[in-house]
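Here's the structure we're looking at; comments come further down.
Rule-based calculations on the coordinates, nothing more; no lab input. Predicted model, so just to flag it, every value in this text is computed and none were measured. Cβ: placed from backbone, ideal geometry, glycine included. Neighbour counts: every protein chain shown.
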Amino acid sequence: MKIIIAGNGKVGVMLTRQLSAEGYDLTLIDANHKVLEVSEEKYDVMSVQGNCASMEVLDQAGVREANLLIAVTNADEVNLLCCMTAHGMNPDIHTIARIRNPEYTEQIYKMRELFALSMMVNPERRAAMEIERLIKYPGFLKRDTFAKGRVEIVELRVDAEHKLCNVALNDLPNVVKCKILVCAVLRNGKAIAPDGNFVLREGDRLFVTASTNTLTQLLKQLGIITHKAKRVIICGGGRLSYYLAQLLLKNGISVQIIEQDYERCRNLANLLPGASIVNGDASREFLLDDEGISDCDALVTLTGVDELNMIISLYGSSCGVPQVITKLGRLENNTMLDSLDLGSIISPKELCCNTIVRFVRAMKNQTGAALAVHLIADGQVEAMEFLVDEGTKYCGRPLKELKIKKNVLIVCISNGVRLQIPNGDSSFEKGDTVIIVSTAGKAIYQLNDIFEN
């Protein structure tokens with residue numbers, strides 16, 4: 001499949017890394033030749049320097065033979081024009097545009113056929129929805145949903161006083177007294193597919209599969225007391241803060257936004273009359289103390305500077321804030337981040353990339369493509385949901401009889417309201433959905449890909 005990526009910024013680079021690893025034929029377009037040179041050196045891609053909305057540049061990139069164009073420049077208008085131009089030159093091409101401005105959301109949805117969009121992605125809105133879920137259901141560092149919200153893979157950190165510390169996975173049922181499955185563990189920055197003899201240690205991050213109802217029992221058994229958030233402090237007044245404040249206010253949660261730019265504060269005050277807007281520097285301790293950081297239920301750091309978000313989050317943790325959520329644009333230094341008390345980490349760019357990759361895989365496999373794809377364990381593990389159809393092998397066969405590829409694990413089988421964390425005697429039938437996790441490093445496009453030939 002031939003794919004053109006217009007815009008070689010952070011999202012473009014993340015997409016290039018993921019899609020080139022999966023063997024797609026990639027061509028990059030960007031006005032900056034230096035960033036293109038870096039990508040050409042690191043990945044097996046072609047590049048064209050220039051304006052991606054120009055017919056001449058798109059022609060050089062091979063748009064007439066391309067299957068998909070992904071426009072992720074920093075300008076919404078350029079992304080839209082790029083997609084419209086590409087579609088005019090090649091009516092069969094699929095197009096994806098990153099659109100971030102809230103003012104465009106409704107009109108683009110209504111006029112998506114005119115704009116010739118196969119899909120629109122809004123990283124900030126997607127991240128806001130993810131943060132809202134974490135605030136509404138606290139207790140876990142991250143939550144990814146499957147089976148229409150009835151199954152989740154959640155992330156937990158093992159602290160020294162944690163009930164799970166120094167516990168072998170074989171002994172886990174005696175501690176948690178509910179049916180869960182630890183599908184991956186992140187230790188010292190490296191993802192591990194654990195067996196029953198694996199012993200959990202302080203600092204481990206575990207990824208647990210269970211039904212949504214079971215997760216409530218898990219928190220109770222572990223002594224993790226959660227309560228509904230009533231007051232949230234948001235540091236930074238960008239688009240993501242606006243989207244998040246909208247969602248929280250609808251849920252009756254009090255919102256304070258601290259933003260340094262005075263004009264931005266005025267705009268936010270007009271757009272969010274129910275929120276408290278504070279003009280000031282969120283990195284100043286006295287300001288955070290004056291705004292009652294010690295008494296808030298959640299602190300969300302959403303400034304445009306990763307280092308600033310980390311510093312504010314660390315201060316919030318030291319003040320005893322029950323829930324801290326940190327936005328990071330770069331996730332390269334995973335081992336370093338593990339040692340810091342940053343709470344939940346959210347990356348809008350990673351969420352955006354996951355959404356696009358799922359679309360690309362669905363294009364490649366018109367039937368049997370994953371219903372959901374989530375990257376967990378700092379992107380080292382993929383969690384995917386597949387529908388069992390007439391083409392799926394081994395329906396009705398017990399799992400203990402199947403030869404499944406190394407580093408691939410079936411973590412849940414769902415049939416309507418029936419959910420099961422599988423064992424060797426479990427089986428799947430046509431119409432079921434199967435959730436798998438893979439640390440194999442190779443992309444899994446269809447459920448049959450998990451079986452040894």
In a shell of Cβ-Cβ distance under 11 Å around I233, excluding I233 itself, what net charge do Lys and Arg (+1) and Asp and Glu (-1) give?
-2
Using a 7 Å offset from Cα along Cα-Cβ at L308, what residues in the stretch 239-268 end up with backbone N under 20 Å from the label point?
239-245, 256-268
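Can you tell me the order of 356-362, 377-383 when each peptide is scored by its average per-residue count of other Cβ atoms within 10 angstrom, highest first?
Values: 356-362: 19.4, 377-383: 21.6.
Ranked by mean Cβ neighbours within 10 Å, highest first: 377-383, 356-362.
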Expected vector for the stretch 228-236, Karplus 3J(HN,Hα) from phi with 6.51, -1.76, 1.60 and θ = phi - 60°, integer Hz, x for Gly and Pro, equals 5, 5, 10, 9, 10, 9, 10, 9, x
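As a test of the formula, what do you get for the chain when each DSSP H run with n ≥ 4 contributes -39,500 (n - 2.57) and the sum is divided by the residue count, at 222 nm and rounded to the nearest 500 deg cm²/dmol? Present the calculation step by step, with values, prior to reporting the outcome.
Details: 14 runs with 141 residues, N = 453.
Helix-only estimate at 222 nm: -9000 deg cm²/dmol.
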Note, Q380: beta-carbon cut-off 12 Å, +1 each Lys/Arg, -1 each Asp/Glu, net +1
Rg followed by Dmax, in Å, when the stretch 139-222 is reduced to its Cα trace:
12.0, 35
Just how far, in whole angstrom, is the stretch 410-426 from the stretch 7-44 if you go by their alpha carbon centroids?
39
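Tell me, what is a quarter of the convex hull surface for the C-alpha atoms of the stretch 77-190, in nm² with one decimal? Mind dumping the intermediate values first?
On the way: hull surface 45.5 nm².
Hull-based average projected area comes out at 11.4 nm².
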Long pairs among K110/K430; K177/K400; K220/K400, criterion Cα-Cα beyond 27 Å
K110/K430; K220/K400
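If one computes P(r) from the Cα atoms of the chain, what percent of pairs lie at distances over 39 Å? All intermediate terms of the calculation are to be shown ahead of the outcome.
On the way: 25605 of 102378 pairs.
Of the Cα pairs, 25 percent sit more than 39 Å apart.
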Radius of gyration and Dmax over the Cα atoms of the stretch 372-453, both given in Å
12.1, 34
Tell me, what ³J(HN,Hα) does each residue in the stretch 414-430 have, in order and in whole Hz, if you take phi through Karplus 6.51 cos²θ - 1.76 cosθ + 1.60 with θ = phi - 60° and put x for Gly and Pro?
10, 9, x, 7, 7, 10, 9, 7, x, 10, x, 8, 6, 8, 10, 10, 4
PRE zone check, label point 7 Å out along Cα-to-Cβ of C395, amide N under 12 Å, scope the stretch 416-437, hits 428-433
Mean Cα-pair separation over length for the stretch 139-222, i.e. relative contact order, pairs under 8 Å, 6 or more apart, %:
37
For the stretch 263-377, just the Cα atoms, rotate onto the principal axes and tell me the three extents in Å, largest first.
56, 39, 22
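Hey, fewest Cβ within 10 Å first, where do V411, V175, V78 land in order? Before the final figure, lay out each step's value.
On the way: V411 23, V175 13, V78 18.
Ascending number of Cβ neighbours within 10 Å: V175, V78, V411.
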Of the residues P102, T209, S438, the Cα lying farthest along the dipole of the chain towards its positive end, which is defined by charges on the beta carbon of Lys, Arg, Asp and Glu, belongs to T209
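Excluding I99 itself, what net charge comes from residues whose Cβ is under 14 Å from its Cβ, given Lys and Arg +1 and Asp and Glu -1?
Working: positive: R98, R100, K110, R112, R125, R126, R239; negative: D76, E77, E103, E106, E124.
Counting the neighbours of I99, the net charge comes to +2.
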Only Lys, Arg (+1) and Asp, Glu (-1) charged, at Cβ; the chain dipole about Cα centre in debye
1280
In Å³ per residue, the alpha-carbon convex hull of the stretch 183-339 encloses 137
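Determine, for Y243, Y262, Y104, the number of other Cβ atoms within 10 Å of each Cβ, and report the residues in order from fewest to most. Write down the numbers at each step before the final one.
Numbers: Y243 23, Y262 10, Y104 18.
Sorted ascending by nearby Cβ count, the order is Y262, Y104, Y243.
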Ranked by Cβ crowding within 10 angstrom, fewest neighbours first, how are S414, S241 ordered?
S414, S241
For the stretch 2-121, one quarter of the surface area of the C-alpha convex hull, expressed in nm², comes to 6.5
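By how many nm would the segment from N423 to R330 lengthen if fully extended, with 0.36 nm per residue of separation less the alpha-carbon distance? Write out the running numbers ahead of the final one.
Details: separation 93, 0.36 × 93 = 33.48 nm, distance 3.79 nm.
29.7 nm is the gain from fully extending N423 to R330.
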